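The values are calculated or read from the model by the stated rules, or taken from the named source; none is laboratory data. From a predicted model like this one, the values you see are computed outputs, not experimental measurements. We place every Cβ from the backbone using ideal geometry, glycine too, and count neighbours over all the protein chains shown. To get the accessible areas, we keep the full protein, side chains included, count just its heavy atoms, and leave off ligands, DNA and RNA. Shrake-Rupley method; radii C 1.70, N 1.55, O 1.52, S 1.80 Å.
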Amino acid sequence: ADRQVMRLREQLARKLRVIQQQIKAFLLQHGIAEPAGLTHWTAASVDALRRLELGVELRFCLEVMLDERRHALEQVARATRRLEELAKTDRHHSTASTLRTVPGVGPITAMTFRVELHDPARFRDGGQAARMIGLAPQVLQSGPTRREGRLLKSGNARLRTVLIEAAWRWVAGDEAAKARYRRLVASTGNGKKAIVGMARRLAILLWRLSLSGEPYRAAA
């Protein structure tokens, strides 16, 4: 049931993004310039949309979409508050707080990891946890030759996406993670591959913290 709350929030956030894309497509279709700040949907940019001089029918269409966006935004906020309340309950508080000691891991990431990676003790090692999430490469082996290919398409895509997003924040907020990321970029020559590698490391780190209950230490 706790996991369903998290998944509901994800569905609502996805719906919000779709509505925002529809509004931008509407502006493009009718040759209407986007107000400044609409890239990040600032309050000023939304207010500017409501003050655009448009014909009656176009104004009606835009107002309906903006009202729909406002409702979706309220629903996302409502689900977020519920998820934050769940994070404070006895069954989640200790683990969620421990996971949040990692730079870049906020309440949503912590709770997503907590409820999606059910019973972390069932994995023998971090590699197993990474494979369950879908952050392990496909191994191609012929005799003594061993080569790692693309990521396995199996696994928890929802959790994988959240961890890749969190990996960017981890790299930005933790010098040790940033140094590791730079080494991966140098060895792979590809920033996207490097961040996936960091997401895998983050998954294993969070798995270990879930079991140990000890806070993150960058030096370690």
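Check region 45-53 and report whether any residue there is more than 30 Å from SER210 (Cβ to Cβ), open to solvent by less than 80 Å² (accessible area, probe 1.4 Å) and acidic (Asp, Glu). Yes, some residue in region 45-53 is more than 30 Å from SER210 (Cβ to Cβ), open to solvent by less than 80 Å² (accessible area, probe 1.4 Å) and acidic (Asp, Glu).
ARG217 passes all but one of (1) modelled with pLDDT under 90; (2) assigned to a helix (DSSP H, G or I); (3) closer than 23 Å to THR98 by Cβ; which number fails? Single failed check for ARG217: (2).
Residues of region 54-73 that are of a type in the set (Asp, Glu) and open to solvent by 100 Å² or more (accessible area, probe 1.4 Å): GLU57 alone.
Checking each residue in region 98-135 for being open to solvent by less than 30 Å² (accessible area, probe 1.4 Å) and among the charged types (D, E, K, R) picks out only GLU116.
What about THR98, is it free of Cβ contacts under 8 Å to residues at least 60 places away in the same chain and of a type in the set (Val, Ile, Thr)? Criteria not met by THR98. Pairing each residue of region 176-191 that is open to solvent by 60 Å² or more (accessible area, probe 1.4 Å) with any residue that is assigned to a helix (DSSP H, G or I) and of a type in the set (A, V, I, L, M, F, W, C), provided the two are 6+ apart or on different chains, yields C-beta distances under 7 Å for ARG180/MET198; THR188/ALA194.
If you go through region 109-128 and keep only what is of a type in the set (Gly, Ala, Ser) and either in contact with a Ser or Thr (Cβ under 9 Å, 6 or more places away or on another chain) or without any contact (Cβ under 8 Å) to a residue 40 or more places away in the chain (or both), you end up with ALA110, ALA121.
Within region 24-78, the residues that satisfy the criterion of being within 26 Å of ARG7 (Cα to Cα), not hydroxyl-bearing (Ser, Thr, Tyr) and not in a helix (DSSP H, G or I) are HIS40, TRP41. Being open to solvent by 70 Å² or more (accessible area, probe 1.4 Å) and in contact (Cβ under 8 Å) with a residue 24 or more places away in the chain is the filter here, so list the residues in region 1-38 that pass it. Answer for region 1-38, where residues must be open to solvent by 70 Å² or more (accessible area, probe 1.4 Å) and in contact (Cβ under 8 Å) with a residue 24 or more places away in the chain: ARG3, LEU8, LYS15, GLN22, HIS30.
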